[in-house]
Each structure stands twice: as C-alpha cells, then as structure tokens.
Amino acid sequence: MKRFAGIIVAFLGALAISTAQAKPIEIKFSHVVAENTPKGQMALKFKELVDQRLDGKVVVKVYPNSQLFTDGKVLQAMQLGDVEMAAPSLSKFQKYTKKLQIFDLPFLFEDMEAVETFQNSPAGKELLKSLERKMLVGLGYLHNGMKQLSANQPIRTPADIAGKKYRIMTSDVLQAQFEAVHAIPLKKPFSEVFTLLQTRAIDGQENTWSNIYSKKFFEVQDYVTETNHGLLDYLVVSSAEFWYGLPQDIRNELQAALDEAIAYGNQIAAQKAKEDRQKIIDSGKSQVVEITDEERQQWVNAMRPVWKRFEKEVGADLIDAAIKSNK
Ligand code: SIN
C-alpha cells in the first residue's frame, strides 16, 4: 500500500512538472508612450514575431501609456520580478548606471546617423552591459530621435527661456543643461506632462516630434522650437534573473525577434520624426520655430560646458568615441 502511494505521488509530481513546463512563459512589456510611436510599434512588432515563431511557448503582453508602471517605477518592478521587459528612455537609468548619461549630453550627436554609428561601435555595445551589476540586461538600443523645445511663447535663444519652468526626465545631465540656460528644470514622469502643460504649472518641455504629437503636447503649447539639441533614445531591458533563466533556444529566438522589431522601430522613428513634425504644422495649433545658425550657436555655447561637468562620471574616452561618430 505504502509503495502504491509512493508511485501515485511520483506520478502526480511528474504530471505537475509537465503541466508547469507546458505553461507558456509570459513576458509583460511595459512602456509609457502611445502605440503610434517608434517604441509602441516596436513592442507590437516584437509581440507579433514572438506569436509567429514561438507560438504557445512564449506570450508577450504589451502595456502602453504607463498602464502598468510609470517610468519612475518600472526598473524597480523589473528587479522584483513584476515585469519582464521595458524600454525606458536612456535618460531614466541614472540610478542604475552613470555611463548612460553620455546620451543626454547636449549637442553631442550631430544627427541620428552619428547616434547609430556610436551605438554600433565597440564602446556603444559595451554600454549595453553597464547595468549588469544591478541585475538588469541591456538587450538593444531603440531610436526615437532628436529633442525639440515646446513652449507658450516663441523661443529662439537661451535668453528666451531664462526663469521658465521646464519639465525634464529624471536626469542630472538634463537638469544641468536647463540650469546652464537659467531655466528651472523639474523632474516629472512622462504621464504627468500633458496636465502640467495644460494647467500651465510648467512653461514648457523638451521632447521628440513623435512624443509631442502622439501625446498632444502641441495642443497645449503654442510653439515648438526646432533645436535638435539632444537625443531621446531607449534601451530595451530585462532582468538578469528572468533573461538568463530562459532556456537558451528560447532566449536566442527572443533576441532575434527583438533585433528585428528594433530595426522596424528604428524605421518608424525616422519616418515619424518627419511626419509628426508636419502633422503639428498642419494642425495649426502650434507654430514650429526654425532658428538661425547664429541662434543655434548661442544654445551650443551655453550648454556645451555641461559635458565637462559630467566628464568624470561618463568617462572622457567615451565622450571622445561619441564625438568621433560625427562625420
Ligand atoms: C518616452 O519616450 O518613453 C518618454 C519620454 C519622456 O519621458 O519624455
């Protein structure tokens, strides 16, 4: 009888294991932007590819618009195992590594081609590993684009934003950048920006054409000045525990699907930088201000000293490598 009970227990155990194995692996992908953005489209493409190639083994659930976590909470939630993937802006990692601050240095990259060159260089690839000590894995960069300044009045030179309140992401470099032009930077989550602008609690913000358009900031800001003064790109991340806990073959398939989704998202980013700029102009709700070379030089002169301040944390060699990416 005792032997029979033992066989039953072993059988039930094996059944439980095989049932557990058959259960699909769930990936919750949390992000803060709208679906019609480079990141929103990349996440959906990743889901589509995983559905096609790993059907039944892995299920991806995408949560846009800060539905699951705001940008301030998502990385902590990932470390706790509450979310498996996210793609925060590179400006939101400073609690986890100082190295990624390089991407916030104003006027460092001349264009997206330079950004692409740097991210694909040995130095750029090495940066993907900069979160390892925090048990996070950088899986790939994703573009959004260059940032512009929106405001309630036409901004042409640094003197125009002195004393004005500007929302920034949680980055000390961005704080220093706005302080360099005597504005008042306020670190706030992306999910609060529209209301802050609408209620005039702040005077302006910096963002890409796609975020200004998709989150309707242009409806509550009368002007957008085309400064291209800084970069807003992303790092797709997972927790080391989750990622390295996956069977090798599944991890390889997921990485391949992600690489393809990122390439797709990058195409959308290039497209949206043009299209969404035009849509804002066509809306007639916000005027796009184009500055002269001489005016742009005033911004460069005022903001460039920020590099020196962060040189020690970021590394002079890394800054040099980034400069060399500009042709
Ligand atoms: C994002 O594009 O993920 C948000 C950017 C921001 O916080 O301004």
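For segment 182-327, the Kirkwood hydrodynamic radius comes to 18.7 Å, computed from all pairs of different C-alpha atoms. Net charge dipole, segment 179-327: roughly 260 debye, given to the nearest 20, about the Cα centre with Cβ charges of +1 for Lys and Arg and -1 for Asp and Glu. Summed over the residues of the chain and divided among them, the accessible surface reaches 47 Å² per residue at a probe radius of 1.4 Å. Prolate is the label for the chain. Its Cα gyration tensor axes, ordered a ≥ b ≥ c, give a/c of at least 1.5 and a/b above b/c.
Across segment 226-240, computed HN-Hα scalar couplings (Karplus, 6.51 cos²θ - 1.76 cosθ + 1.60, θ = phi - 60°) run 7, 9, 6, 7, x, 10, 10, 10, 10, 10, 7, 10, 9, 8, 4 Hz from first to last residue, x flagging Gly and Pro. Using a simple spin-label model with pseudo-atoms 7 Å out from Cα toward Cβ, residue 287 and residue 26 lie 5.2 nm apart.
Residues whose amide H lies under 5 Å from that of residue 139, counting only those 5 or more places away or on a different chain, are 236, 237, 238; hydrogens are built 1.01 Å from N in the peptide plane. Each residue of segment 259-272 was assigned a 3J(HN,Hα) from its phi angle through the Karplus expression (A = 6.51, B = -1.76, C = 1.60, θ = phi - 60°), giving 4, 5, 5, 5, 4, 5, x, 5, 5, 4, 4, 4, 5, 5 Hz with x at Gly and Pro. Sorting 105-115, 292-302, 83-93, 54-64 by average packing, meaning the other beta carbons within 10 Å per residue, from highest down gives 83-93, 105-115, 54-64, 292-302.
Taking every DSSP helix (H) stretch of at least 4 residues in the chain, weighting each as -39,500 (n - 2.57) and dividing the sum by the residue count yields a mean residue ellipticity at 222 nm of -14000 deg cm²/dmol. Toward the positive end of the charge dipole of the chain, with +1 on the Cβ of Lys and Arg and -1 on the Cβ of Asp and Glu, the farthest Cα among 70, 183, 91 is that of 70.
Of all the options 215, 98, 274, the one that moves most in a Gaussian network model of the chain with Cα springs shorter than 10 angstrom is 274. About its Cα centre, the dipole of the chain is roughly 1120 debye, where the only charges are +1 on Lys and Arg Cβ and -1 on Asp and Glu Cβ.
Compute the relative contact order of segment 158-221 as a whole-number percentage, counting only Cα pairs closer than 8 Å that sit 6 or more residues apart in sequence. It comes to 34 percent, rounded to a whole number.
Taking amide H as placed 1.01 Å from N in the peptide plane, residue 27 has its amide H under 5 Å from the amide H of 59, 60, 61, each at least 5 places away in sequence or on another chain.
Taking amide hydrogens as placed 1.01 Å from N in the peptide plane, the amide H of residue 208 sits under 5 Å from those of 148, each at least 5 positions away in sequence or on another chain. For segment 310-315, take each phi angle, set θ = phi - 60°, evaluate the Karplus expression 6.51 cos²θ - 1.76 cosθ + 1.60, and give the result in whole Hz per residue in order, putting x for glycine and proline. Karplus-based 3J(HN,Hα) across segment 310-315 equals 9, 4, 5, 5, 7, x Hz.
Against the chain, whose longest principal axis comes from its Cα atoms, helix 38-53 is set at around 20 degrees. The slack between residue 263 and residue 126, meaning 0.36 nm per residue of separation minus the straight C-alpha distance, is 47.4 nm.
Surface composition of the chain: carbon plus sulfur atoms contribute 52% of the solvent-accessible area (1.4 Å probe, protein chains only, all chains present).
The values are calculated or read from the model by the stated rules, or taken from the named source; none is laboratory data. In this text the structure is predicted, and so the values were computed from the model without any measurement. FYI the Cβ positions are ideal-geometry reconstructions off the backbone, even for glycines, and counts take in every protein chain you see. Each accessible area value is taken on the protein alone, full model and side chains, heavy atoms only, with ligands, DNA and RNA left out. Shrake-Rupley method; radii C 1.70, N 1.55, O 1.52, S 1.80 Å.
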